[in-house]
Every structure is written in structure tokens, then in C-alpha cells.
Ligand SMILES: CC(C)(COP(=O)(O)OP(=O)(O)OC[C@H]1O[C@@H](n2cnc3c(N)ncnc32)[C@H](O)[C@@H]1OP(=O)(O)O)[C@@H](O)C(=O)NCCC(=O)NCCS
């Protein structure tokens, strides 16, 4: 699937396996998040290739890279809604540590929400590691409501995960 979305400061486009060496820095810069997901701060190209391969064949799933200032500043995995399942999932969202807290996570999610809404999706879900308080604050600020806690696979570990979701408003024809 080829997807290319853009906003004010960002372009979001497909991430291929050949791009992984260039995207690795996004992961290695997030040592605390790596420790939460994998039990270790280190993250190698082989780890990234394994993670990429493990979900690349999910139907309607797409790996995306987030480009800002002509640099790869983030990575995302999205599972898009289908005619039989109106839910989309942001399964992974990670910005390079140098680019966090500048409104770029919000812009990324806003771009994805607009795309999903325009393509018939009514709700977007995400599973955040229960211990990842900054992520829970982020999703809360963006209007995502917590609805269930489950135990689920995250990176190399199984952890308590809080499921969050936002119901998308229908776009108004001729509106912003
Ligand atoms: C979580 C993440 C995607 C958020 O993106 P970001 O660009 O840093 O967040 P933004 O600057 O767009 O923040 C949007 C809102 O969330 C809030 N927020 C973001 N990070 C926060 C934090 N660490 N603590 C408290 N609030 C936070 C901001 O205050 C902001 O609210 P405001 O607009 O009302 O001021 C990014 O920080 C990241 O990649 N973190 C490491 C990886 C991770 O934990 N991913 C988990 C899956 S989301």
C-alpha cells in the first residue's frame, strides 16, 4: 500500500525495509521507551528488521515514516479500517527524542485522523503501555479516552496495556 500524507510541517509516507538503516536513529534515541518495551535501552538494526518483519504482513497495515525538515524524525505503524471493520489502530508512534514536545506528535495524529475520517473510519484506537505515563498524557490531551486494560505484547515483553480510542467527528462539507 502506498500512502503519502502531508500537513503544515510534516510529510508521512511509506517506510520500506530499505529505509530501516535510516530510521534506526529514531529508535536508538528513545532509550527509556526501548527499556519499557524491550527491557533494554539498546536497539539494533537487526531488532528493527525483526520488528518490521513481524507485522509487515498484517492486512491493511502500513509502516510509515514521518519526515520533517527533510529528515526522518519519526516512525509509525498504522492498521487502517476496512469496509467490515470501522476501527483503525495506531499500533506504534515514535518520534526522535530531538523532535519531541514540539507539537509534531499532535500534528502526526491529526493528519492520520483526517485521512482515516475521509476514508470511512469512525474510530482510532491505540494500546499504550500502562507504565508509559507521558504517552498516556499525550493521548489524553488529544482526546483519546481510556476504555480497557489488557495484558499484551509490547516489543519483546508482555505488559499491562491501556487501550485508548477516539471517535472521529464526521467532516462538514465545505468546512475546515
Ligand atoms: C509520545 C509522543 C509520540 C508525543 O509526541 P510529541 O510530539 O512529543 O507531543 P506533542 O508535542 O505533540 O504534545 C501534544 C500534547 O501532549 C502533551 N504531552 C506530550 N508529551 C508529554 C509528556 N511527556 N508529558 C506530559 N504531556 C505531554 C503535550 O503537553 C501536548 O499538549 P498541549 O498541546 O495541550 O500542550 C513522543 O513524545 C514520543 O515519541 N515519545 C517516545 C515514544 C513513546 O512513548 N511512544 C508511545 C506511543 S505514543
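The values are calculated or read from the model by the stated rules, or taken from the named source; none is laboratory data. On a predicted model such as this, the values are computed, not experimentally measured, just so you know. Ideal geometry is used to build each Cβ from the backbone, glycine not excepted, and the neighbour counts take in all protein chains shown.
A few remarks follow.
- Checking the stated criteria, residue 105 turns out not to satisfy the condition of being in a strand (DSSP E or B) and at pLDDT 95 or above.
- Pairs meeting the criteria (first residue in region 133-150 and under 12 Å from residue 106 (Cβ atoms), second residue within 10 Å of the ligand (Cβ to nearest atom), beta carbons under 7 Å, at least 6 apart or on different chains) are 138/105; 139/126; 139/128; 139/164; 142/106; 142/109; 144/126; 144/164.
- Among the residues listed as 169, 123, the single one being more than 12 Å from the ligand (Cβ to nearest atom) and more than 16 Å from the chain's Cα centre (by Cα): 169
- Whichever residue in region 131-150 is within 12 Å of the ligand (Cβ to nearest atom) and not in a helix (DSSP H, G or I) and, among such residues, is farthest from residue 11 (Cα to Cα): 131
- At least 2 residues being in contact (Cβ under 8 Å) with a residue 60 or more places away in the chain and either under 15 Å from the mean Cα position of the chain (by Cα) or surrounded by 14 or more Cβ atoms within 10 Å (Cβ to Cβ) (or both) is the threshold, and among the strands (runs of 3 or more DSSP E) wholly inside region 1-75 those reaching it are 10-14, 61-68.
A quick yes/no check of all residues on (1) in contact with a helix residue (DSSP H, G or I) (Cβ under 9 Å, 6 or more places away or on another chain); (2) within 11 Å of the ligand (Cβ to nearest atom):
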residue	(1), (2)
60	no, no
65	yes, no
70	no, no
90	yes, yes
94	yes, yes
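- Counted residues, region 153-173 - those being closer than 20 Å to residue 88 by Cα, free of Cβ contacts under 8 Å to residues at least 40 places away in the same chain and either surrounded by fewer than 14 Cβ atoms within 10 Å (Cβ to Cβ) or touching a helix residue (DSSP H, G or I) at 6+ places or on another chain (Cβ under 8 Å) (or both): 3
- Qualifying residue in region 96-108 (condition: more than 7 Å from the ligand (Cβ to nearest atom) and touching a helix residue (DSSP H, G or I) at 6+ places or on another chain (Cβ under 6 Å)): yes
- Matching entry among 154, 79, 112 (being modelled with pLDDT under 95, within 15 Å of the ligand (Cβ to nearest atom) and under 30 Å from residue 46 (Cβ atoms)): 154
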